[in-house]
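The values are calculated or read from the model by the stated rules, or taken from the named source; none is laboratory data. Quantities reported herein were computed from a predicted structural model and do not represent experimental measurements. No Cβ is skipped: glycine too gets one built from the backbone with ideal geometry, and neighbour counts run over all protein chains shown.
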Amino acid sequence: MAIKLAKNTEDMPSKRQLFLSHVAQTSDFPLMLEVEKADGMYIYTSNGDRYFDLNSGISVSSLGHRHPTVMAAIQEQLDKHLHTMVYGEHIQHAQIAFAKKLTGLLDDSLESVYYFMSGTEAVEGAMKLAKRYTGRHQIISCSNAYHGSTQGAESLRSDHEYSRAFLPLLPGISHITFNDASELDQINHNTACVILEPVQAEAGVHPPVNNYLQKVRARCSEVGALMVLDEIQTGFGRTGRLFAHEKYEVVPDVLCIGKAMGGGMPIAAMVSSLEIMKSLQKNPMLGHITTFGGHPVSCAAALGNLTALLEENIITPVLEKEKVFLDKLKHPIIKEVRSSGLMMAVELTKRKFLKHVVAHIIEQKAIVDYFLFNDRSFRLAPPLIISLEQVDEACEIILTACEYAEGRYGG
Ligand code: PMP
(Lines give C-alpha, C1' and ligand atoms only; values in the text may rest on other atoms or scores of the structure.)
Protein backbone atom coordinates (compact mmCIF):
# COMPACT_ATOMS: atom_id res chain seq x y z
CA MET A 1 0.00 0.00 0.00
CA ALA A 2 1.37 3.43 -0.91
CA ILE A 3 2.01 5.69 2.01
CA LYS A 4 0.65 9.19 1.45
CA LEU A 5 3.31 11.65 2.50
CA ALA A 6 2.39 15.11 3.66
CA LYS A 7 3.72 17.64 1.09
CA ASN A 8 4.57 20.33 3.56
CA THR A 9 4.22 20.99 7.24
CA GLU A 10 0.78 22.53 6.76
CA ASP A 11 -0.48 19.14 5.59
CA MET A 12 0.98 17.40 8.63
CA PRO A 13 -1.65 16.33 11.11
CA SER A 14 -1.28 18.15 14.41
CA LYS A 15 -0.47 16.21 17.59
CA ARG A 16 -4.02 17.00 18.61
CA GLN A 17 -5.40 15.28 15.48
CA LEU A 18 -3.07 12.32 15.90
CA PHE A 19 -4.10 11.98 19.54
CA LEU A 20 -7.78 11.91 18.63
CA SER A 21 -7.25 9.52 15.71
CA HIS A 22 -4.82 7.05 17.20
CA VAL A 23 -4.88 7.19 21.01
CA ALA A 24 -8.03 5.63 22.44
CA GLN A 25 -10.27 8.00 24.37
CA THR A 26 -12.51 7.32 27.33
CA SER A 27 -14.76 10.36 27.00
CA ASP A 28 -15.86 12.88 24.41
CA PHE A 29 -14.23 15.73 26.28
CA PRO A 30 -10.59 14.96 27.10
CA LEU A 31 -8.60 17.80 28.65
CA MET A 32 -6.07 17.66 25.77
CA LEU A 33 -3.13 19.52 27.30
CA GLU A 34 -0.24 18.96 24.92
CA VAL A 35 2.40 18.02 27.47
CA GLU A 36 5.97 18.99 26.66
CA LYS A 37 7.56 18.53 30.06
CA ALA A 38 6.75 18.61 33.75
CA ASP A 39 8.77 19.72 36.74
CA GLY A 40 7.87 20.19 40.39
CA MET A 41 4.44 21.85 40.63
CA TYR A 42 4.17 22.61 36.92
CA ILE A 43 3.26 20.99 33.61
CA TYR A 44 4.52 22.79 30.50
CA THR A 45 2.68 22.53 27.18
CA SER A 46 4.03 22.59 23.63
CA ASN A 47 2.66 26.10 23.05
CA GLY A 48 4.67 27.47 25.94
CA ASP A 49 1.97 27.57 28.62
CA ARG A 50 2.75 26.62 32.20
CA TYR A 51 0.02 24.86 34.18
CA PHE A 52 -0.07 24.86 37.96
CA ASP A 53 -0.77 21.25 38.92
CA LEU A 54 -3.40 21.03 41.67
CA ASN A 55 -4.36 17.46 40.78
CA SER A 56 -1.07 15.47 40.76
CA GLY A 57 -2.39 13.25 37.95
CA ILE A 58 -5.06 12.15 40.46
CA SER A 59 -2.92 11.78 43.57
CA VAL A 60 0.12 10.30 41.84
CA SER A 61 2.77 13.02 41.72
CA SER A 62 2.85 13.69 45.44
CA LEU A 63 6.50 14.74 45.32
CA GLY A 64 5.79 16.90 42.27
CA HIS A 65 7.00 15.99 38.81
CA ARG A 66 10.43 14.48 38.29
CA HIS A 67 11.61 14.69 41.87
CA PRO A 68 15.46 14.52 41.79
CA THR A 69 15.68 11.58 44.24
CA VAL A 70 13.22 9.56 42.15
CA MET A 71 15.00 10.47 38.92
CA ALA A 72 18.40 9.47 40.35
CA ALA A 73 17.00 6.14 41.58
CA ILE A 74 15.52 5.41 38.14
CA GLN A 75 18.78 6.33 36.43
CA GLU A 76 20.81 4.10 38.73
CA GLN A 77 18.51 1.13 38.09
CA LEU A 78 18.56 1.75 34.31
CA ASP A 79 22.29 1.23 34.43
CA LYS A 80 21.88 -2.14 36.18
CA HIS A 81 19.04 -4.13 34.65
CA LEU A 82 15.46 -3.99 33.41
CA HIS A 83 13.11 -6.99 33.42
CA THR A 84 14.83 -10.34 33.90
CA MET A 85 12.10 -12.84 34.82
CA VAL A 86 8.41 -13.02 35.67
CA TYR A 87 7.47 -11.82 39.15
CA GLY A 88 8.60 -13.78 42.18
CA GLU A 89 11.38 -15.93 40.69
CA HIS A 90 14.59 -13.91 40.71
CA ILE A 91 15.98 -12.04 43.69
CA GLN A 92 16.08 -8.43 42.57
CA HIS A 93 17.67 -5.83 44.81
CA ALA A 94 15.15 -3.11 43.93
CA GLN A 95 12.20 -5.29 44.99
CA ILE A 96 13.65 -6.39 48.29
CA ALA A 97 15.00 -2.95 49.19
CA PHE A 98 11.61 -1.30 48.81
CA ALA A 99 9.72 -4.15 50.51
CA LYS A 100 12.10 -4.05 53.48
CA LYS A 101 11.83 -0.28 53.87
CA LEU A 102 8.05 -0.23 53.49
CA THR A 103 7.28 -3.12 55.83
CA GLY A 104 9.64 -1.58 58.41
CA LEU A 105 7.26 1.39 58.49
CA LEU A 106 4.06 -0.65 58.87
CA ASP A 107 2.53 -2.75 61.64
CA ASP A 108 4.49 -5.98 62.18
CA SER A 109 1.63 -8.01 60.69
CA LEU A 110 2.03 -6.23 57.32
CA GLU A 111 5.28 -7.95 56.43
CA SER A 112 4.99 -9.38 52.90
CA VAL A 113 4.64 -7.35 49.69
CA TYR A 114 3.12 -8.65 46.46
CA TYR A 115 3.89 -6.24 43.63
CA PHE A 116 1.61 -5.26 40.76
CA MET A 117 1.61 -2.67 38.00
CA SER A 118 -1.68 -0.93 38.77
CA GLY A 119 -4.11 -0.30 41.59
CA THR A 120 -6.89 -2.36 40.09
CA GLU A 121 -4.59 -5.38 39.94
CA ALA A 122 -3.78 -4.95 43.62
CA VAL A 123 -7.51 -5.05 44.34
CA GLU A 124 -7.95 -8.14 42.15
CA GLY A 125 -5.08 -9.81 43.99
CA ALA A 126 -6.57 -8.91 47.38
CA MET A 127 -9.96 -10.35 46.41
CA LYS A 128 -8.38 -13.63 45.31
CA LEU A 129 -6.15 -13.73 48.37
CA ALA A 130 -9.12 -13.26 50.71
CA LYS A 131 -11.14 -16.00 48.97
CA ARG A 132 -8.22 -18.37 49.06
CA TYR A 133 -7.26 -17.67 52.67
CA THR A 134 -10.75 -17.81 54.15
CA GLY A 135 -12.26 -20.43 51.83
CA ARG A 136 -15.28 -18.12 51.49
CA HIS A 137 -16.52 -16.27 48.44
CA GLN A 138 -18.73 -13.40 49.60
CA ILE A 139 -17.14 -9.98 49.30
CA ILE A 140 -18.50 -6.74 50.72
CA SER A 141 -17.64 -3.26 49.53
CA CYS A 142 -19.08 0.19 50.16
CA SER A 143 -21.48 2.06 47.96
CA ASN A 144 -19.88 4.87 45.96
CA ALA A 145 -16.47 3.27 46.21
CA TYR A 146 -14.12 3.00 43.25
CA HIS A 147 -11.51 0.25 43.32
CA GLY A 148 -10.52 -0.03 39.66
CA SER A 149 -11.81 -0.92 36.22
CA THR A 150 -10.89 -4.57 35.66
CA GLN A 151 -13.88 -6.86 36.01
CA GLY A 152 -13.32 -7.98 39.60
CA ALA A 153 -12.69 -4.46 40.84
CA GLU A 154 -15.53 -3.20 38.65
CA SER A 155 -17.85 -5.65 40.41
CA LEU A 156 -17.21 -3.78 43.65
CA ARG A 157 -18.84 -0.64 42.26
CA SER A 158 -22.33 0.07 43.48
CA ASP A 159 -23.05 2.57 40.71
CA HIS A 160 -24.95 0.58 38.12
CA GLU A 161 -24.92 3.47 35.64
CA TYR A 162 -21.36 2.35 34.94
CA SER A 163 -21.38 -1.33 35.65
CA ARG A 164 -24.69 -2.23 33.96
CA ALA A 165 -23.01 -2.06 30.56
CA PHE A 166 -20.55 -4.77 31.56
CA LEU A 167 -22.82 -7.36 33.16
CA PRO A 168 -22.49 -10.11 34.15
CA LEU A 169 -19.79 -9.23 36.64
CA LEU A 170 -18.67 -11.21 39.71
CA PRO A 171 -21.41 -12.84 41.79
CA GLY A 172 -21.37 -12.75 45.59
CA ILE A 173 -20.69 -9.04 46.02
CA SER A 174 -22.83 -6.85 48.24
CA HIS A 175 -22.59 -3.25 49.35
CA ILE A 176 -22.84 -1.49 52.67
CA THR A 177 -23.07 2.25 53.26
CA PHE A 178 -19.77 3.84 54.22
CA ASN A 179 -19.90 5.34 57.71
CA ASP A 180 -23.13 3.54 58.63
CA ALA A 181 -22.23 1.15 61.45
CA SER A 182 -25.79 -0.19 61.60
CA GLU A 183 -25.12 -2.18 58.40
CA LEU A 184 -22.06 -3.98 59.69
CA ASP A 185 -24.08 -7.04 60.68
CA GLN A 186 -24.11 -7.85 56.96
CA ILE A 187 -20.50 -8.90 57.45
CA ASN A 188 -20.85 -12.50 58.63
CA HIS A 189 -19.24 -15.95 58.66
CA ASN A 190 -19.67 -16.23 54.88
CA THR A 191 -17.71 -13.06 54.22
CA ALA A 192 -14.25 -13.52 52.72
CA CYS A 193 -13.38 -9.85 52.98
CA VAL A 194 -14.64 -6.34 53.33
CA ILE A 195 -12.83 -3.99 51.00
CA LEU A 196 -13.00 -0.28 51.56
CA GLU A 197 -11.14 2.99 51.26
CA PRO A 198 -10.20 4.68 54.54
CA VAL A 199 -11.38 7.96 53.01
CA GLN A 200 -13.89 7.56 50.19
CA ALA A 201 -12.22 9.34 47.30
CA GLU A 202 -14.39 9.27 44.20
CA ALA A 203 -17.53 9.85 46.25
CA GLY A 204 -16.05 13.31 46.84
CA VAL A 205 -13.70 12.87 49.83
CA HIS A 206 -15.61 11.42 52.75
CA PRO A 207 -13.41 10.66 55.76
CA PRO A 208 -14.57 8.04 58.27
CA VAL A 209 -16.66 9.27 61.22
CA ASN A 210 -17.49 7.84 64.67
CA ASN A 211 -14.64 5.31 64.59
CA TYR A 212 -16.25 3.62 61.60
CA LEU A 213 -13.03 1.89 60.50
CA GLN A 214 -12.41 0.48 63.97
CA LYS A 215 -15.96 -0.89 63.98
CA VAL A 216 -15.39 -2.55 60.60
CA ARG A 217 -12.12 -3.95 61.95
CA ALA A 218 -13.84 -5.34 65.04
CA ARG A 219 -16.65 -6.94 63.04
CA CYS A 220 -14.20 -8.51 60.56
CA SER A 221 -12.14 -9.97 63.42
CA GLU A 222 -15.30 -11.28 65.09
CA VAL A 223 -16.47 -13.26 62.06
CA GLY A 224 -13.08 -14.13 60.56
CA ALA A 225 -13.41 -11.95 57.46
CA LEU A 226 -10.35 -10.11 56.17
CA MET A 227 -10.33 -6.33 56.25
CA VAL A 228 -8.82 -5.04 53.02
CA LEU A 229 -8.00 -1.33 52.98
CA ASP A 230 -7.62 0.31 49.59
CA GLU A 231 -5.06 3.04 50.21
CA ILE A 232 -4.31 3.45 46.53
CA GLN A 233 -5.38 7.08 46.64
CA THR A 234 -4.80 7.88 50.32
CA GLY A 235 -1.33 6.37 50.67
CA PHE A 236 2.12 7.91 50.76
CA GLY A 237 1.42 11.04 52.74
CA ARG A 238 -1.72 12.30 51.01
CA THR A 239 -3.80 12.50 54.21
CA GLY A 240 -1.01 13.89 56.39
CA ARG A 241 0.27 10.52 57.61
CA LEU A 242 2.26 8.00 55.59
CA PHE A 243 -0.94 5.93 55.39
CA ALA A 244 -4.48 6.91 56.32
CA HIS A 245 -4.94 3.75 58.40
CA GLU A 246 -2.35 5.15 60.84
CA LYS A 247 -4.31 8.38 61.05
CA TYR A 248 -7.59 6.56 61.67
CA GLU A 249 -5.93 3.97 63.91
CA VAL A 250 -6.71 0.62 62.35
CA VAL A 251 -4.55 -2.16 60.97
CA PRO A 252 -5.99 -3.97 57.95
CA ASP A 253 -5.29 -7.61 57.11
CA VAL A 254 -4.47 -6.61 53.56
CA LEU A 255 -3.30 -3.17 52.46
CA CYS A 256 -3.59 -2.15 48.78
CA ILE A 257 -1.29 0.63 47.58
CA GLY A 258 -0.47 2.23 44.24
CA LYS A 259 -0.65 5.65 42.55
CA ALA A 260 1.88 7.85 44.45
CA MET A 261 3.94 4.77 45.37
CA GLY A 262 6.23 5.00 42.32
CA GLY A 263 6.79 8.78 42.27
CA GLY A 264 5.37 8.83 38.71
CA MET A 265 6.30 5.29 37.67
CA PRO A 266 3.64 2.55 37.42
CA ILE A 267 3.65 0.28 40.45
CA ALA A 268 1.16 -1.01 43.04
CA ALA A 269 1.13 -3.71 45.70
CA MET A 270 -0.81 -5.57 48.31
CA VAL A 271 0.79 -6.04 51.70
CA SER A 272 -0.23 -8.68 54.22
CA SER A 273 1.11 -11.19 56.71
CA LEU A 274 3.30 -14.01 55.44
CA GLU A 275 0.69 -16.47 56.68
CA ILE A 276 -2.07 -14.93 54.57
CA MET A 277 0.18 -14.31 51.57
CA LYS A 278 1.36 -17.92 51.52
CA SER A 279 -2.12 -19.02 50.51
CA LEU A 280 -1.29 -18.01 46.93
CA GLN A 281 1.69 -20.36 47.01
CA LYS A 282 0.01 -23.79 47.34
CA ASN A 283 -3.08 -25.70 46.20
CA PRO A 284 -2.80 -24.44 43.54
CA MET A 285 0.72 -23.12 43.38
CA LEU A 286 1.09 -19.96 41.31
CA GLY A 287 -2.25 -18.79 42.69
CA HIS A 288 -1.70 -15.34 41.26
CA ILE A 289 1.06 -14.51 38.82
CA THR A 290 2.19 -11.51 36.79
CA THR A 291 5.00 -10.82 34.35
CA PHE A 292 5.84 -7.21 35.07
CA GLY A 293 4.63 -6.72 38.68
CA GLY A 294 7.48 -5.23 40.70
CA HIS A 295 9.40 -4.01 37.66
CA PRO A 296 12.87 -3.13 38.93
CA VAL A 297 12.79 0.43 37.58
CA SER A 298 9.43 1.07 39.24
CA CYS A 299 10.66 -0.49 42.51
CA ALA A 300 13.76 1.69 42.42
CA ALA A 301 11.57 4.74 41.81
CA ALA A 302 9.30 3.67 44.69
CA LEU A 303 12.27 3.45 47.04
CA GLY A 304 13.49 6.89 45.91
CA ASN A 305 9.98 8.25 46.41
CA LEU A 306 9.61 6.79 49.90
CA THR A 307 13.09 7.94 50.92
CA ALA A 308 12.40 11.51 49.79
CA LEU A 309 8.96 11.53 51.42
CA LEU A 310 10.49 10.61 54.77
CA GLU A 311 13.79 12.44 54.63
CA GLU A 312 12.61 15.75 53.20
CA ASN A 313 9.91 16.34 55.79
CA ILE A 314 7.14 16.36 53.21
CA ILE A 315 4.36 14.67 55.18
CA THR A 316 4.25 16.65 58.44
CA PRO A 317 3.48 20.05 56.82
CA VAL A 318 0.53 18.56 54.90
CA LEU A 319 -1.91 19.33 57.73
CA GLU A 320 -0.77 22.97 57.96
CA LYS A 321 -1.29 23.37 54.20
CA GLU A 322 -4.69 21.70 54.44
CA LYS A 323 -5.68 24.20 57.13
CA VAL A 324 -4.73 27.18 54.94
CA PHE A 325 -6.87 25.77 52.12
CA LEU A 326 -9.78 25.29 54.52
CA ASP A 327 -9.40 28.79 55.99
CA LYS A 328 -9.15 30.54 52.64
CA LEU A 329 -11.64 28.67 50.51
CA LYS A 330 -14.67 30.61 51.66
CA HIS A 331 -17.11 32.00 49.09
CA PRO A 332 -20.91 32.28 48.76
CA ILE A 333 -20.94 29.51 46.13
CA ILE A 334 -18.65 27.16 48.11
CA LYS A 335 -20.90 25.03 50.29
CA GLU A 336 -18.11 23.18 52.06
CA VAL A 337 -14.63 21.80 51.64
CA ARG A 338 -14.21 18.18 52.76
CA SER A 339 -10.68 17.00 53.27
CA SER A 340 -8.23 14.57 54.70
CA GLY A 341 -4.81 16.20 54.36
CA LEU A 342 -4.28 17.39 50.80
CA MET A 343 -7.06 15.19 49.46
CA MET A 344 -9.84 17.74 49.15
CA ALA A 345 -13.28 18.18 47.64
CA VAL A 346 -14.67 21.66 47.10
CA GLU A 347 -18.43 21.32 47.08
CA LEU A 348 -20.41 24.11 45.42
CA THR A 349 -23.87 25.25 46.40
CA LYS A 350 -25.37 24.38 43.02
CA ARG A 351 -24.57 21.70 40.48
CA LYS A 352 -24.74 24.22 37.62
CA PHE A 353 -21.65 26.06 38.91
CA LEU A 354 -19.34 23.08 38.76
CA LYS A 355 -18.31 23.01 35.11
CA HIS A 356 -17.94 26.80 34.96
CA VAL A 357 -15.75 26.95 38.05
CA VAL A 358 -13.56 24.10 36.80
CA ALA A 359 -13.32 25.64 33.31
CA HIS A 360 -12.34 29.02 34.75
CA ILE A 361 -9.66 27.47 36.96
CA ILE A 362 -8.23 25.76 33.90
CA GLU A 363 -8.42 29.04 31.95
CA GLN A 364 -6.21 30.50 34.67
CA LYS A 365 -3.75 27.71 33.86
CA ALA A 366 -4.28 25.58 36.92
CA ILE A 367 -5.41 21.95 36.89
CA VAL A 368 -8.17 20.50 39.06
CA ASP A 369 -10.44 17.56 38.31
CA TYR A 370 -13.92 16.13 38.71
CA PHE A 371 -14.93 13.12 40.84
CA LEU A 372 -16.56 9.96 39.50
CA PHE A 373 -19.52 10.02 41.91
CA ASN A 374 -20.08 13.61 42.92
CA ASP A 375 -21.46 16.19 40.54
CA ARG A 376 -21.25 19.19 42.87
CA SER A 377 -17.62 18.98 43.93
CA PHE A 378 -14.24 19.27 42.29
CA ARG A 379 -11.05 17.58 43.36
CA LEU A 380 -8.04 19.39 44.78
CA ALA A 381 -5.06 17.10 45.27
CA PRO A 382 -1.91 19.16 44.72
CA PRO A 383 1.56 17.69 45.01
CA LEU A 384 2.40 17.58 48.71
CA ILE A 385 5.47 19.75 48.03
CA ILE A 386 3.23 22.76 47.32
CA SER A 387 4.60 25.77 49.26
CA LEU A 388 2.44 27.96 51.51
CA GLU A 389 2.76 30.80 48.95
CA GLN A 390 1.53 28.41 46.26
CA VAL A 391 -1.38 27.37 48.49
CA ASP A 392 -2.34 31.09 48.64
CA GLU A 393 -2.00 31.33 44.88
CA ALA A 394 -4.16 28.24 44.36
CA CYS A 395 -6.87 29.66 46.65
CA GLU A 396 -6.82 32.98 44.75
CA ILE A 397 -7.31 31.13 41.46
CA ILE A 398 -10.21 29.10 42.87
CA LEU A 399 -11.90 32.11 44.46
CA THR A 400 -11.54 34.10 41.20
CA ALA A 401 -13.25 31.22 39.38
CA CYS A 402 -16.06 31.15 41.98
CA GLU A 403 -16.51 34.92 41.63
CA TYR A 404 -16.71 34.56 37.86
CA ALA A 405 -19.21 31.68 38.01
CA GLU A 406 -21.39 33.41 40.54
CA GLY A 407 -21.38 36.69 38.57
CA ARG A 408 -22.12 34.99 35.26
CA TYR A 409 -24.34 32.06 36.23
CA GLY A 410 -25.60 32.93 39.71
CA GLY A 411 -29.15 33.83 40.54
N1 PMP B 1 -8.59 2.27 44.14
C2 PMP B 1 -8.71 3.60 44.31
C3 PMP B 1 -9.15 4.14 45.64
C4 PMP B 1 -8.44 4.46 43.25
O5 PMP B 1 -8.56 5.78 43.41
C6 PMP B 1 -8.01 3.91 42.01
C7 PMP B 1 -7.71 4.80 40.82
N8 PMP B 1 -8.39 5.98 40.74
C9 PMP B 1 -7.90 2.53 41.90
C10 PMP B 1 -8.20 1.73 42.98
C11 PMP B 1 -7.46 1.88 40.61
O12 PMP B 1 -6.11 2.15 40.38
P13 PMP B 1 -5.51 2.04 38.91
O14 PMP B 1 -6.14 3.13 38.10
O15 PMP B 1 -4.03 2.24 39.11
O16 PMP B 1 -5.84 0.70 38.40
Quiz item: Can you name the residue in the stretch 303-323 that is of a type in the set (Asp, Glu) and out of contact with any strand residue (DSSP E or B) (no Cβ under 9 Å at 6 or more places or on another chain) and is also surrounded by the fewest Cβ atoms within 10 Å (Cβ to Cβ) among such residues?
Solution: Glu311
Exercise. Name every residue in the stretch 120-153 that is near the ligand (Cβ under 7 Å from one of its atoms) and either of a type in the set (Ser, Thr, Tyr) or over 18 Å from the mean Cα position of the chain (by Cα) (or both), in order of residue number.
Key: Thr120, Tyr146, Ser149
Quiz item: List pairs: first in the stretch 70-99 and under 20 Å from Lys278 (Cβ atoms), second assigned to a loop (DSSP other than H, G, I, E, B) and of a type in the set (S, T, N, Q), Cβ under 9 Å, 6+ apart or cross-chain?
Solution: Val86/Thr290; Val86/Thr291; Tyr87/Thr290; Tyr87/Thr291; Gly88/Thr290; His90/Thr84
Quiz item: Residues in the stretch 268-280 that are over 18 Å from the mean Cα position of the chain (by Cα) and either within 13 Å of the ligand (Cβ to nearest atom) or not charged (D, E, K, R) (or both): how many?
Solution: 7
Quiz item: Among all residue pairs at least 6 apart or on different chains, which show Cβ distances below 9 Å where the first residue, located in the stretch 9-30, is within 25 Å of Tyr370 (Cβ to Cβ) and the second is among the aliphatic types (A, V, I, L, M) and part of a helix (DSSP H, G or I)?
Solution: Pro30/Leu20
Quiz item: Which of the residues spanning the stretch 341-356 are in a strand (DSSP E or B) and touching a Leu at 6+ places or on another chain (Cβ under 7 Å)?
Solution: Met344, Val346, Leu348
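Out of the residues in the stretch 1-28 that are part of a loop (DSSP other than H, G, I, E, B) and at pLDDT 90 or above, which is farthest from the chain's Cα centre (by Cα)?
So the residue we want is Ser14.
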Exercise. Would you mind finding the one in Ser143, Ser112, Ser163 that is surrounded by 15 or more Cβ atoms within 10 Å (Cβ to Cβ) and farther than 21 Å from Ala203 by Cβ?
Key: Ser112
Quiz item: surrounded by 16 or more Cβ atoms within 10 Å (Cβ to Cβ), more than 19 Å from Ala260 (Cβ to Cβ) and of a type outside the set (S, T, N, Q): does that describe Phe353?
Solution: yes
Self-check item: Residue among Val223, Val199 that is farther than 22 Å from Ser112 by Cα and buried (at least 24 other Cβ atoms within 10 Å of the Cβ)
Solution: Val199
Quiz item: Looking at the stretch 357-394, which of its residues are in a helix (DSSP H, G or I) and surrounded by 19 or more Cβ atoms within 10 Å (Cβ to Cβ)?
Solution: Val357, Val358, His360, Ile361, Val391, Ala394
Quiz item: Residues in the stretch 281-302: is at least one in contact (Cβ under 8 Å) with a residue 40 or more places away in the chain, within 13 Å of the chain's Cα centre (by Cα) and either crowded, with 20+ Cβ neighbours inside 10 Å or more than 15 Å from the ligand (Cβ to nearest atom) (or both)?
Solution: no
Practice problem: Considering only residues that are of a type in the set (Gly, Ala, Ser) and touching a strand residue (DSSP E or B) at 6+ places or on another chain (Cβ under 6 Å), look in the stretch 146-169 and name the one that is modelled with the highest pLDDT. | Solution: Ser155
